[in-house]
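Data first, discussion second: the structure below is written as structure tokens.
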Amino acid sequence: MSNFKNRPSGEMPREKLLRTGTRSLSDADLLAIILQTGTRGKDVLQLAIELLNMLGGISGIERTGIDELLKVDGLSIAKAAKLKAAVEIGRRAIFSDRAATNKISNSKEAFTMLEPLLKGLAKENFMVILLNSRNSVIDIKRVGEGTVNAALIYPRELMELAIRASATGIILAHNHPSGGTMPSIEDKRLTMNILVLGELSSMVLHDHIIIGNDGYFSFADQGILETLKQQFMHALSV
């Protein structure tokens, strides 16, 4: 039998939030407010705690798709949708705050801006930061989404997108669902293709960043971007 309604009003998550603010609430309290109701024989706080334990915390909700969430006993379509929406609001809030600087001068700044959008995703996603001649951000676009191991991205379409936005430079970024950051052969090949198209279109590829669970890999910082450029220039001169 659920005893949630019999708890003192001061212990109810919503009342705690109103009395002491969001910072004082546990993860389970916050989830309980979003879920609103429990299920038969299980109050909403118990449901929230079980959900956190099952998925490995709030980050687990972010990584878990709607179809998988619906397999959790007590989660309806409405509840699962609310959870995913709440997590996405948090992600976008972090991104908006970090993007407020509107200028990128190194790989760390690019990583800081894109981490909330790419870290922890279950599928590989590609995004591009469009920059003007002063390295100020014109826009950020998602340009490819795929399976766990690969994302579909078309270099020519990416370059056309940048040209239409009147960008003079781009920073490419994608995540590795595995959590690692080392570039694959395909990552290097894609970088070379985009760099070549950029050189032919007077579009500067400033960097290609791979975002993992514990940091990022920068093609520019590691000298790979410069090496690829030299290889291309050498091929032109032969």
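The charge dipole of the chain, taken about its Cα centre with unit charges on the Cβ atoms of Lys, Arg (+1), Asp and Glu (-1) only, comes to about 700 debye. Extension gain for residue 27 to residue 53 (0.36 nm times residue separation, less C-alpha to C-alpha distance): 8.3 nm. Each label was represented as a point 7 Å from its Cα along the Cα-to-Cβ direction; for residue 160 and residue 123 these points are 2.2 nm apart. Structural descriptor for the chain: relative contact order 13 percent, calculated from alpha carbon pairs under 8 angstrom and at least 6 residues apart.
Note on region 102-237: Lys pairs 8 or more places apart or on different chains, Cα atoms under 21 Å apart, count 11. Remark: region 217-228, residue by residue, has Karplus-estimated 3J(HN,Hα) of 10, 10, 4, 6, 4, 7, x, 5, 4, 5, 4, 5 Hz, where x stands for each Gly or Pro and the curve is 6.51 cos²θ - 1.76 cosθ + 1.60 at θ = phi - 60°.
In plain terms, the residue of 33, 194 with the fewest other Cβ atoms within 10 Å comes first and the most crowded comes last, giving 33, 194.
The residues neighbouring residue 128, those whose beta-carbon lies less than 15 Å from its own, together hold a net charge of -3 under the Lys/Arg +1, Asp/Glu -1 convention. Distance from the Cα centroid of region 55-75 to that of region 102-132 is 25 Å (rounded to whole angstrom).
Quick check: the angle from helix 155-164's long axis to the longest principal axis of the chain, C-alpha only, nearest 10 degrees? With both axes taken from Cα atoms, the answer is about 90 degrees.
The distance between label points at residue 103 and residue 221 comes to 2.1 nm (points 7 Å beyond Cα on the Cα→Cβ vector). Summarising the label geometry, the points placed 7 Å from Cα in the beta-carbon direction at residue 40 and residue 68 lie 2.8 nm from one another. To the nearest 10 degrees, how steep is helix 107-118 against the longest Cα principal axis of the chain, on a 0 to 90 scale? That works out to roughly 50 degrees. In the chain, taking the dipole from charged Cβ atoms about the Cα centre, the farthest positive-side position among 18, 194, 172 is held by 18.
Each residue of region 178-192 is assigned a 3J(HN,Hα), and the resulting list reads 5, x, x, 10, 5, x, 8, 4, 5, 4, 5, 5, 5, 4, 4 Hz, derived from the Karplus form 6.51 cos²θ - 1.76 cosθ + 1.60 (θ = phi - 60°), x at Gly and Pro.
Positive end of the dipole of the chain (Cβ unit charges, origin at the Cα centre): among 204, 162, 237, the Cα lying farthest that way belongs to 162. Rounded to the nearest 20, the Cβ-based charge dipole of region 84-220 about its Cα centre (Lys and Arg +1, Asp and Glu -1) stands at 240 debye.
None of the figures in this text is laboratory data; all of them are computed from the coordinates on show. Predicted model only: the values in this text are computed from it and were never measured. Please note: Cβ atoms are built from the backbone with ideal geometry, for glycine as well, and neighbour counts cover all protein chains shown.
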